[in-house]
Amino acid sequence: MSQIQKIEARMKKVRNRSILKLENVYDTFFRKAVYSALLQNVPVRQKCAKILQNMPTVHGLPLTNVSHPSNIARMACELGVLVELQHNALNHELQREQQYDIIALTETVHTNVPQLNQQQKIAYNTLIEAVNSGSGGIYIFDAPGGIGKTFLISLLLARIRWRNDVALALASSGIAATLLEGGRTAHSAL
Ligand SMILES: Nc1ncnc2c1ncn2[C@@H]1O[C@H](COP(=O)(O)OP(=O)(O)OP(=O)(O)O)[C@@H](O)[C@H]1O
């Protein structure tokens with residue numbers, strides 16, 4: 001289970017606990033608090049506590065009538081901390097994917113693009129066009145062993161990463177993942 005999956009599982013557990021489950025109004029409230037904290041770059045815990053202080057009633061009902069406020073604050077903090085963890089984990093992932101040596105990538109692209117054979121060139125141009133235009137899509141390279149798929153994929157990764165964009169290299173086995181720069185198994189990354 002990846003770090004994000006673990007955090008999501010814990011968040012689900014917290015959200016399923018009675019107060020949050022029964023009181024949808026709190027769920028909405030917590031989500032708002034969490035998002036506004038993240039947007040304003042304020043610690044989520046602090047934001048939840050502040051909003052709770054300034055919000056003694058929810059839909060006209062004093063918090064104490066519905067459930068104990070300290071309990072709600074505790075749940076808000078717990079949820080807030082988990083969202084923060086998730087946020088940090090995503091930031092960490094993003095940083096990890098943007099730490100490649102741009103100069104080395106540029107050299108790889110300049111050296112290897114002219115070496116592409118005709119079919120590799122067609123595949124390369126098609127993929128880069130799809131990335132640049134944002135049209136996306138699913139593309140499958142199917143060719144016999146030793147024909148140059150890994151060579152082409154490595155070049156595509158370098159071409160996307162050299163401008164600090166994110167290209168994830170995921171494989172179904174650890175051995176296959178080691179063939180690509182920054183390669184990981186899909187089950188560990190996602
Ligand atoms: N256009 C090219 N110019 C120079 N060398 C190339 C080119 N294409 C492939 N190669 C080289 O050919 C060899 C085989 O290529 P590669 O490993 O990419 O094939 P593959 O299709 O991924 O093979 P497999 O399916 O067995 O993994 C590698 O040494 C690679 O560097």
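Among the residues of segment 152-190, write down those that are in a helix (DSSP H, G or I), of a type in the set (A, V, I, L, M, F, W, C) and in contact with a helix residue (DSSP H, G or I) (Cβ under 7 Å, 6 or more places away or on another chain).
Within segment 152-190, L152, L155, L156, A158, I160 qualify.
Of (1) without any contact (Cβ under 8 Å) to a residue 40 or more places away in the chain; (2) within 12 Å of the ligand (Cβ to nearest atom), V113 satisfies all except one. Which?
Condition not satisfied by V113: (1).
Report yes if G182 is on the phi > 0 side of the Ramachandran plot, within 16 Å of the ligand (Cβ to nearest atom) and modelled with pLDDT under 95, otherwise no.
Answer is no for this residue.
Applying the selection to segment 144-163, what residues are more than 10 Å from the ligand (Cβ to nearest atom) and exposed (fewer than 12 other Cβ atoms within 10 Å of the Cβ)?
Within segment 144-163, R163 is the sole residue that qualifies.
Would you confirm whether or not segment 129-143 contains a residue that is within 9 Å of the ligand (Cβ to nearest atom), more than 16 Å from L180 (Cα to Cα) and assigned by TED's automatic domain parsing to the domain that holds G183?
Yes, segment 129-143 has at least one match.
Consider I140 against the criteria (1) more than 22 Å from the chain's Cα centre (by Cα); (2) surrounded by 16 or more Cβ atoms within 10 Å (Cβ to Cβ): it satisfies all of them except one. Which criterion is unmet?
(2)
The values are calculated or read from the model by the stated rules, or taken from the named source; none is laboratory data. Nothing here was measured: the structure is a model prediction, and the numbers come from that model. Reconstructed Cβ throughout: ideal geometry from the backbone, glycine too, with neighbour counts over all protein chains shown.
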